[in-house]
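The values are calculated or read from the model by the stated rules, or taken from the named source; none is laboratory data. Predicted model, so just to flag it, every value in this text is computed and none were measured. Glycine gets a Cβ as well: all are built from the backbone with ideal geometry, and neighbour counts include every protein chain shown.
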Amino acid sequence: MTVALGAREDIDFETVAQECRPFLLKIAVASTRNPSDAEDVVQEALVRGFRGLKRFRGDCPLKLWLSRIVVRVAINHHRSVARRLKRWVFFTDMERMQDDGANIPFDPPDPSHDFDREGLMDARKTVNKLPDEFRMPLMMLAVDGLTIPEIAAILEIPEGTVKSRIFYGRKRLKETLQQRKKK
Amino acid sequence: MNIDCRWLEQNLEGFFCDRLSANEMDQLQLHVDNCSECQGTLREFQAVDPLIRQLFQHDLAVAQAPQRVRQSRLGMPVYAAATALIVLSIWLGVKASEKPATLADPKPPATIAAVRPTPIAPATTAIVKSEGQPTVERAKPAPAVKTPSNAPTPAPKPDVDQADKRPPFLVSDAAGYSRTLSDYRNRTLIFGVWSPKDTHAIATLQRLYETYGSNPKVRILGISNESMAKPANGTFPVVYNENSQLLGAQPSDIVIVDGTGTVRFRGSLNGNPNMVVKTVNSALGSLGIR
């Protein structure tokens, strides 16, 4: 459907949303801690984007604007889940969801044999323990073709900060995995 | 400035954050090439990247199959309701197929309704009302059960024709960052595609790097199609192709791209290294670079 945006050109939101959806899903996967929630996060972000389209100033591509919404929705989603978990400790459900996801074999490569196998299998837990500010740029770096300037634009932080956070994310991950190896 | 293992340890962040000067990078490169300990330190950092990439691909595959997960989260109540309704519709269908016999029966329908238990009474009334209709009509509620109201999201469309959608130029550098042509804007980029087997291409690239590596207007890259270690006899910067078209360059090709991103020269690395350098020199001369 087409939405009039004042003096600017009309935007066919439905077409843009369909075109961006695979990309937004990748951003959602990189932003959420549970990949099963990524599709819901994208859906919620698209709804919010459509409702708030009049606030889109047009100073960046719509895809980028929607990506920023995806990141915010993912953060809010995680916080609400964390609140709920705090109130109702429901770990069994979380474990079941993780198991459902793990139907696809998780077999990370380790060509240089720097980490032990058990540590690699725990990589998900280690990554999820990283704070959002380190985890998100690190995971976004794995999105095919996403460059540092693009990550900086999505997260709305300077490029140098993105590189610095990626470095500290890698460092923490490396240290955690090596500590596991020593144990 | 003396660049040693301790210096690298203190400036690791600078290396990974592109904060080192060209001079520092060159000296660091020389040190790392000859120091196995520093090579190990950098390798440990770089070993995290494939792990993260694999984790991301796995998560993406999970996210692209949301229906299965959602069903399992809804769990028993939906399955139980669906099964109950299917059983009910089959039972109604069986009863309807017995209709001719019921019609032939002299007993009035009211008697049948009286005999049946209370919860099914409305359904029995429906049978009486839709007496002339075919059985298929009564089985309609069953498929409706399979679409719960909270699952409106369509499955993501598969990417069509991946080959044509590959980016024109996308490589990842030693620090694991993706680079596009815009990162080499305002510089003339000379890149050659090499593989470990192609020793001739490696030697020619090394020769080009020795000739033009110190020129600040020129950037030389050796691109390999797979992530692999730097060749033993090469000190030129090595990057890896991230499934891009490389501006149409094939293995053992050399391409010169000007500061605006326009391809100015295409050639092969397989000729005589002196001739290749001479050809590149004349190509650079036409771009005003000496």
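Scanning segment A:34-68 for residues that are crowded, with 19+ Cβ neighbours inside 10 Å and under 11 Å from the mean Cα position of the chain (by Cα) returns A:N34, A:P35, A:D37, A:A38, A:V41, A:V42, A:S67. Number of residues in segment B:238-290 that are of a type in the set (A, V, I, L, M, F, W, C) and under 18 Å from B:P196 (Cα atoms): the value is 5. Considering only segment B:235-244, I want to know if a residue exists there that is more than 28 Å from the chain's Cα centre (by Cα) and outside the structural domain of B:R43 (by TED's automatic domain parsing). Scanning segment B:235-244 turns up at least one residue that is more than 28 Å from the chain's Cα centre (by Cα) and outside the structural domain of B:R43 (by TED's automatic domain parsing). The residues of segment B:55-92 that are at pLDDT below 70 and within 14 Å of another protein chain (Cβ to nearest Cβ), listed by number, are B:P66, B:Q67, B:R68, B:V69, B:R70, B:Q71, B:S72, B:R73, B:L74, B:G75, B:M76.
Residue count for segment A:142-183 satisfying the condition of being facing another protein chain (nearest Cβ under 9 Å), under 18 Å from A:V29 (Cα atoms), small (G, A, S) and touching a helix residue (DSSP H, G or I) at 6+ places or on another chain (Cβ under 9 Å): 2. When the test is whether a residue is over 15 Å from the mean Cα position of the chain (by Cα) and assigned to a helix (DSSP H, G or I), A:V71 does not pass it.
Yes or no, residue by residue, for (1) aromatic (F, W, Y); (2) under 24 Å from B:Q46 (Cα atoms); (3) away from every other protein chain (no Cβ under 12 Å):
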| site | (1), (2), (3) |
| --- | --- |
| B:P196 | no, yes, yes |
| B:P216 | no, no, yes |
| B:G222 | no, yes, yes |
| B:E226 | no, yes, no |
| B:P231 | no, yes, yes |
| B:F236 | yes, yes, yes |
| B:L246 | no, yes, yes |
| B:Q250 | no, no, yes |
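Across segment B:157-206, the qualifying residues are those that are among the β-branched types (V, I, T) and within 21 Å of the chain's Cα centre (by Cα), and the one among them that is modelled with the lowest pLDDT is B:V160. Kindly provide the set of residues from segment A:42-63 that are within 9 Å of chain B (Cβ to nearest Cβ) and hydrophobic (A, V, I, L, M, F, W, C), ordered by number. Matches in segment A:42-63: A:V42 only. Scanning segment A:131-141 for residues that are hydrophobic (A, V, I, L, M, F, W, C) and within 11 Å of chain B (Cβ to nearest Cβ) returns A:L138, A:M139, A:M140, A:L141. Across segment A:151-168, the qualifying residues are those that are touching a residue at least 40 places away in the same chain (Cβ under 8 Å) and surrounded by fewer than 20 Cβ atoms within 10 Å (Cβ to Cβ), and the one among them that is nearest to A:K63 (Cα to Cα) is A:A153. Any residue in segment B:276-285 that is surrounded by 20 or more Cβ atoms within 10 Å (Cβ to Cβ) and touching a strand residue (DSSP E or B) at 6+ places or on another chain (Cβ under 6 Å)? No, the conditions are met nowhere in segment B:276-285.
Would you say A:V47 is at pLDDT 90 or above and assigned to a helix (DSSP H, G or I)? In short, yes.
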